[in-house]
Amino acid sequence: MKHRWVKAGLTLAGVAAASVALLMVFGAHEPSARGKSASFWVGQLGKPGANQTQARAALAEIGPGLIPFLIEDVRGEEPLGRTVYRAIWTHLPARLQTRLARPRMPDNGWLGKVATALTVPEPPAVPQLITALNDPKIEVRLVAVRAISILGPKAGDAVPALIKACDDPQPEVQMEAVLALDRMGGRRKEAVPALITLLSANPDRASWASARVKEAAVLILGNIGPDAKAALPRLTQLLSDPYPRLRQRSALALWRISQDPSVVSRLAGELAQANDFQSCAFIITSLGEIGSAAKEALPVILEKASQQNIPGDRFALKSLKNVARRAVGKIDRETAEQMVKPDAYVPDLRSGALMDSSTAGDLGLKPGAP
């Protein structure tokens, strides 16, 4: 009986020793700083209550090894060893857990945090990010283009690579590349030919995804302004596109590029036909941007603001009136003063409240802000 207990004890000791050895091997697999793994510090980025400054400083201390580790981490599926390590670590006594590297837990926002972490090194690792844009793995291309977008003008050397990424086989990467180009400051005008090419239909891609990429391209062309005059013929053609959002955004882009007053009647016609809050808010705000040149659209703006049959709750309807009041104030102050002000609780829609991220982004707003 005694021998049986000794044998069982030796077996348990062997299993424990093997487990600790496994933990030590897989726990020390990645670079670390300040006693924590790179994954731990990446996980702190964007985490409520976390010390963002401390996390960025720790990642910077890791040095040149950070970028290749993160790229490789995104490129591959989670190794079996990491899965085993996490499973064992979570069942260890607290005293032993504190002596070992904390495993990375599942995180739906991981790619976004990695993209932020890729911007930490100084000087920016732009050459490595450009190389990553050619990676066969879509996740790697996505984090690379997002990191470049965060860096903005500091990643100006990536503009040619972003232009090439506008022809990526995946619409998600195309979209991110187009949006990143908008953050490249004065160099974004180099992308005008590529953005015009994107406005040509591609039957090999899903129509919905293709339309959203076109929307983004139209938006950026409008933001570029007069330097995008080469796009005017194609944008004019898109005024007859079957997709309403694309027609509406093309009209606004035409105004931003050429100050063409004929877009006012186009937008007024779109507003008369629109029957949802997002479209109405976008068109009315666009007319407000045009200003006094949009006076002919005042009747349809006032009519739309008074309608009660637009899908949405009472709060959304009052919010649309608020949008209209602000737009009319930019078009004709006298008319605006005659409008009844909405209730005090209606939010300032310049913040993007009640708008989806695409509509808010088109208007330069922050979606969902209070």
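Values quoted throughout were computed directly from the atomic coordinates according to the rules given, and no laboratory measurement underlies them. Just so you know, these numbers come straight off a predicted model, no measurement behind them. Methodologically, a virtual Cβ is constructed for each residue, glycine included, from the backbone with ideal geometry; neighbour enumeration extends over all protein chains shown.
Values for this structure:
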item	result
Estimated FRET transfer efficiency (Lys330, Gln237; beta-carbon r; R0 35 Å; 0.05)	0.75
Region 110-175 - charge dipole about Cα centre, Lys and Arg +1 at Cβ, Asp and Glu -1, debye rounded to 20	120
Sites Ala293 and Lys164, calculated FRET efficiency, Cβ-Cβ separation with R0 51 Å, nearest 0.05	0.85
Rg and Dmax of region 106-218, Cα atoms only, in Å	13.6, 42
Potential extension, Ala272-Ala230 segment - 0.36 nm per residue separation minus Cα distance	12.1 nm
Burial order of peptide ranges 318-324, 150-156 (average beta-carbon count within 10 Å, highest first)	318-324, 150-156
Net length gained if the chain between Arg75 and Arg95 were fully extended (0.36 nm per residue, minus Cα distance)	3.8 nm
Unsatisfied cross-links (Cα-Cα over 21 Å) in the set Lys113/Lys154; Lys36/Lys113; Lys189/Lys229; Lys47/Lys137	Lys47/Lys137
Approximate shape of region 142-192 as ellipsoid semi-axes (Cα gyration tensor, √5λ), whole Å, largest first	16, 12, 8
Per-selection metrics, region 207-331 (Cα): Rg and Dmax in Å	14.2, 44
Listed peptides 177-187, 47-57 by packing density, highest first (mean Cβ within 10 Å)	177-187, 47-57
